[in-house]
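Chemist: One structure coming up, written as structure tokens, with questions to follow.
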Amino acid sequence: MTILLENECDAKFDFDYEKVARDVINTSMDHLKFPFEAEISVTLTDNDGIQSINNEFRNIDAPTDVLSFPMIEYDTPGDFSGIEANDDLFNPETGEVILGDIVLNVPRIYSQAEEYGHSILREYAFLIAHSMLHLFGFDHMTEAEAKVMEEKQREILDILKISRE
């Protein structure tokens, strides 16, 4: 697996954020039984950085906590059966499936952890798990979809023993 982690805002955490990202990504892939090696890009940025990306790609001129850019379109969330048939989804140099990009807003991680009354570690891990589910085709546009996504996020964090504290 390749995780391309870029820290654009010189983010500082009191935990090994690279290890946590790797653990959450690996656990997400294992839990959903993703059958391939994968490449994922994770970018840590600030309010201005994520606002610029949000505006450019979604025409929303506002910061947000996290953005997910999946490279795969799924007929059914979490159904990986069609991936192998599409060579364009694989990095020709590594043979890994290019899953997509995750962009995290570090100041929002801090503020939401405080707002929700849990640790910064938990918020960071939650947002990565949330984004991984988007990279697997899950969404939360309807109440039913949100319920499925929330359950899978909880399961991933429970496996890692990362609780709300």
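Read-outs: derived from the displayed coordinates by stated rules, not from any lab. The structure displayed is predicted, hence computed values, not measured ones. Reconstructed Cβ throughout: ideal geometry from the backbone, glycine too, with neighbour counts over all protein chains shown.
Chemist: Specify the residue that is surrounded by the fewest Cβ atoms within 10 Å (Cβ to Cβ); the eligible residues are those in segment 120-142 that are touching a helix residue (DSSP H, G or I) at 6+ places or on another chain (Cβ under 6 Å) and outside any helix (DSSP H, G or I).
Modeler: Filtering segment 120-142 for residues that are touching a helix residue (DSSP H, G or I) at 6+ places or on another chain (Cβ under 6 Å) and outside any helix (DSSP H, G or I), the one surrounded by the fewest Cβ atoms within 10 Å (Cβ to Cβ) comes out as ASP139.
Chemist: Search segment 55-93 for residues being among the acidic types (Asp, Glu) and part of a loop (DSSP other than H, G, I, E, B), and hand back the single one that is nearest to LEU135 (Cα to Cα).
Modeler: GLU73
Chemist: For the list (1) closer than 22 Å to LYS12 by Cβ; (2) touching a helix residue (DSSP H, G or I) at 6+ places or on another chain (Cβ under 7 Å); (3) surrounded by fewer than 20 Cβ atoms within 10 Å (Cβ to Cβ), I need the number of the one condition that ASP61 fails.
Modeler: Condition not satisfied by ASP61: (1).
Chemist: Now for a different question. Please enumerate the residues belonging to segment 1-51 that are assigned to a helix (DSSP H, G or I) and loosely packed, with under 15 Cβ neighbours inside 10 Å.
Modeler: As a first pass, look at segment 1-51 and keep what is assigned to a helix (DSSP H, G or I): 17-31, 47-51.
Within segment 1-51, GLU18, LYS19, ASP30, ASP48 qualify.
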